[in-house]
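Input: a single structure, listed below in structure tokens.
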Amino acid sequence: MKTHFIPFENVDFKFCITICFAILLMTGILKKFFEIRKLPPGPWGYPFIGHLTLLGSNPAETFSKMAIQYGDVFFIRMGKWPTIVLNSRDAIDEALNKMPEIFSDRPKFYSNYAINKMKGLVFGEYSQRLRLHRKIANGVLQEFATSKSSPTEYLVRKEVDLLIKLWIQSRDNNFNPVHDIEMAVGAVMYQLLFGSEINCHSDQSFIDMVKNLKTINEGASAGSFVNMLPWIRFIMPSKVKKLLERLELNSKFAEKCISESLSSYDKNHQRGMVDGLISAANKYAEKEVHHDGITRHQIYSTIRDFIGAGIDTTSTTLQWTVLLLSIHTNIQDKMQKEIDNILGGRGPTLQDQGKLPYVEATILEVMRHGTIAPLNIPHSTSTDVKFRDFEIKKGTVVFCNIYGIFKDKNIWTDPDKFRPERFLTKDNTIIHERADIIATQFGVGRRRCIGDTLSKRELFLFITSIYQAMNTNLRSDPNYGRIITINCKPTPYKIQIIPRY
Ligand code: HEM
């Protein structure tokens with residue numbers, strides 16, 4: 001009898017499944033292997049947590065050390081996020097300036113989603129809508145905060161006078177100046193937003209809102225647990241509860257202010273940036289389809305962006321200034337000599353910006369030394385991209401290591417020393433190439449800070465006025481540390497005030 005050959009007749013079904021599984025696994029491993037080979041160099045990390053254990057208390061400093069071994073572009077995994085770290089000006093320029101369509105997105109971090117579902121400005125995803133949003137926000141800032149007719153100079157001088165009076169009259173000679181600085185900078189922003197005749201120092205909701213910024217900045221920082229390991233919120237819900245509560249409180253504050261402004265809005269008499277935003281909402285958000293889908297709600301959310309991005313940054317820079325000058329009192333003396341020479345006894349105005357090179361050099365050196373945004377705000381790639389010879393996947397987090405650049409021994413002599421003179425020529429003029437490096441503190445490319453002009457004006461007026469009126473001495477340990485959240489603050493310190501007149 002003829003027997004028929006039936007292929008695979010005796011092959012076990014389980015055996016087949018096992019072989020298929022093994023092939024799939026091998027293909028997956030090989031694919032991963034070839035993908036990894038095309039990535040920038042970097043150390044091996046652990047499953048799930050990646051390189052989180054490497055980072056330490058100052059990740060930017062760790063990255064600078066790693067750059068010595070792995071080069072100016074390297075790859076790590078921050079928890080679940082594939083991440084590239086750009087450690088030189090060239091690498092940052094090649095990515096953010098030369099490939100802006102790809103490198104201008106924000107990572108889909110938990111906190112970025114919690115803030116307006118990434119449809120706002122600072123943490124919004126890069127799109128046509130975002131570009132329009134930036135244009136609107138920029139226009140409002142220019143009109144109400146940096147134009148010739150804006151009240152910024154008047155407001156800063158009013159608030160700095162109050163601050164000086166408070167410090168001279170009612171503070172004992174061993175106090176932490178941080179809260180007063182935060183309130184003064186916050187008050188300027190508040191009045192730029194809502195109109196200059198409002199007394200915000202007695203508005204408890206405003207005071208709470210300024211305090212909430214601390215918790216929000218901790219939760220929104222790239223290194224926060226919930227951003228790196230989002231599943232942790234199911235095990236430790238308290239990690240996000242506080243963040244969400246504070247975000248909610250600050251939203252309520254902004255909404256209350258909007259509805260008050262709306263009820264008394266007069267397009268012929270606009271009081272501040274909120275009225276500017278109402279006017280923009282009337283223009284751009286009535287017919288959504290015509291304007292890249294931007295909504296009234298998104299335009300109004302710019303208030304939260306200005307509060308979040310504009311108060312803590314400028315106030316942190318001032319906190320560093322007072323600390324560093326209280327340690328280096330000889331630099332106060334040099335600033336005061338210049339201030340007395342140029343201004344005589346009168347207070348500073350914005351017209352004096354550019355006439356006080358030593359003060360300007362000191363502000364630049366504070367920004368370099370303090371480096372308040374050591375890794376800027378993280379970017380993300382919006383498509384797969386070939387960058388240099390590497391293949392970077394869509395959704396990769398991009399850190400710009402500004403701290404590394406500000407402490408680079410190849411750029412700065414004795415980078416750990418506080419020395420404003422490094423920004424001055426022999427003829428006492430600012431070295432612009434060096435000042436340009438410090439400008440990267442405000443970001444690079446299409447997501448660059450839109451508040452830089454405002455903050456530089458505020459810093460100039462605050463710092464010149466304070467040190468014209470007084471000396472500050474440190475009353476605590478000069479070995480300060482850094483507290484790193486979304487920005488970098490000095491650890492708490494105490495000062496003594498000595499009025500000059
Ligand atoms: C010393 C003060 C300040 C520093 C160091 C600073 C720094 C930064 C940095 C590093 C970024 C991110 C740039 C990037 O993603 O590449 C940024 C974005 C931003 N800043 Fe500032 N900033 C300051 C003050 C201000 C002020 C006073 C305002 C407004 C009132 C402001 C509004 C914004 C906004 C709206 C963005 C988001 C831009 C975008 O995502 O497209 N900033 N800032």
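The values are calculated or read from the model by the stated rules, or taken from the named source; none is laboratory data. Just so it is clear, the model here is predicted, and its values are computed rather than measured. Don't worry about glycine lacking a Cβ; one is built from the backbone with ideal geometry, like all the others, and counts go over all protein chains shown.
Quick notes on this structure:
- Enumeration of residues in region 83-136 that are among the hydroxyl-bearing types (Ser, Thr, Tyr) and within 12 Å of the ligand (Cβ to nearest atom): SER104, TYR126, SER127
- Exclusive hit being under 30 Å from HIS269 (Cβ atoms) and at pLDDT 95 or above, set ILE102, ILE76, ILE136: ILE136
- Number of residues in region 173-211 that are among the polar types (S, T, N, Q) and either buried (at least 21 other Cβ atoms within 10 Å of the Cβ) or within 22 Å of ASN58 (Cα to Cα) (or both): the value is 1.
- Selection count where residues are assigned to a helix (DSSP H, G or I) and free of Cβ contacts under 8 Å to residues at least 24 places away in the same chain, scope region 202-213: 3
- For region 203-221, the candidate set comprises residues that are of a type in the set (A, V, I, L, M) and out of contact with any Phe, Trp or Tyr (no Cβ under 7 Å at 6 or more places or on another chain); within that set, the residue that is farthest from HIS51 (Cα to Cα) is ILE207.
- Members of region 143-167 found to be away from the ligand (no atom under 11 Å from the Cβ), touching a residue at least 60 places away in the same chain (Cβ under 8 Å) and more than 17 Å from THR464 (Cβ to Cβ), listed by number: GLU143
- Scanning region 364-389 for residues that are in contact with a Ser or Thr (Cβ under 7 Å, 6 or more places away or on another chain) and part of a helix (DSSP H, G or I) returns VAL366, MET367, GLY370.
- Count of region 390-433 residues which are in a strand (DSSP E or B) and either hydrophobic (A, V, I, L, M, F, W, C) or within 17 Å of PRO374 (Cα to Cα) (or both): 8
- Those residues of region 119-172 which are closer than 18 Å to GLY445 by Cβ, surrounded by 21 or more Cβ atoms within 10 Å (Cβ to Cβ) and of a type in the set (A, V, I, L, M, F, W, C), in sequence order: LEU121, VAL122, PHE123, LEU130, ALA137
- Residues in region 435-491 that are charged (D, E, K, R), in contact (Cβ under 8 Å) with a residue 40 or more places away in the chain and more than 14 Å from the ligand (Cβ to nearest atom): ARG475, ARG482.
- The helices (runs of 4 or more DSSP H) located wholly in region 215-278 that include 3 or more residues which are touching a residue at least 60 places away in the same chain (Cβ under 8 Å) and not polar (S, T, N, Q) occupy 238-263.
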